[in-house]
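Engineer: Below are the structure tokens for one structure; questions will follow.
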Amino acid sequence: MLSKGNQTKPPLNQAELRQCVSLDDEMERQRKAYNVQVRESNDLVKQQAQIRGELDQMKMAIEAGESFRMDAYNAKIEEYNEIGDRHDDYKLRMAEISEKQRLAAEEYNLTCAGRSFLNADLLKIKRPKK
């Protein structure tokens, strides 16, 4: 987050502060996007757990002699695997978002962290124009 900072680095001018605000906003967007992916990924994990339970029951029935359930069992395995593939996509997107956030944070830390600024400049940048 932006702060008044210490005086060891030169203060941010308006253009630099605008860039820092933009980086801060980008990190927040990435955090929110990551959280969406996590929630949706967790939903898939729950679905897989439910299907895993169904598969276990179906397998016990097949082993008990109900071989007519084999086609349904195979279809359920396909469903389980499709969810796994979708989950892999979510994990990849989470990694991409995490990398974007890391890069924005790295740039923010190099150019913005610990630098002071004028509150008047921040207000000009943050307040919407009327």
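What follows draws every value from the coordinates through simple rules; no lab data is involved. Remember, predicted model here, so these are calculated numbers, not experimental data. Every residue, glycine among them, receives a Cβ derived from its backbone with ideal geometry; neighbour counts consider all protein chains shown.
Each row is one residue, and each column tells you yes or no for (1) assigned to a helix (DSSP H, G or I); (2) over 30 Å from E26 (Cα atoms); (3) of a type in the set (D, E, K, R).
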{"site": "N74", "(1), (2), (3)": "yes, yes, no"}
{"site": "E79", "(1), (2), (3)": "yes, yes, yes"}
{"site": "E82", "(1), (2), (3)": "yes, yes, yes"}
{"site": "R86", "(1), (2), (3)": "yes, no, yes"}
{"site": "Y90", "(1), (2), (3)": "yes, no, no"}
{"site": "R93", "(1), (2), (3)": "yes, no, yes"}
{"site": "K100", "(1), (2), (3)": "yes, no, yes"}
{"site": "A105", "(1), (2), (3)": "yes, no, no"}
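Engineer: Hey, any hits in the stretch 12-32 for a residue that's more than 30 Å from C112 (Cα to Cα) and part of a helix (DSSP H, G or I)?
Structural biologist: Looking for residues that are more than 30 Å from C112 (Cα to Cα) and part of a helix (DSSP H, G or I), one finds none in the stretch 12-32, hence no.
Engineer: Would you confirm whether any residue within the stretch 86-103 is in contact (Cβ under 8 Å) with a residue 12 or more places away in the chain, out of contact with any His (no Cβ under 7 Å at 6 or more places or on another chain), surrounded by 16 or more Cβ atoms within 10 Å (Cβ to Cβ) and within 24 Å of L122 (Cβ to Cβ)?
Structural biologist: yes
Engineer: Before we move on, is D24 more than 30 Å from D88 (Cβ to Cβ), acidic (D, E) and under 20 Å from the mean Cα position of the chain (by Cα)?
Structural biologist: Yes, satisfied.
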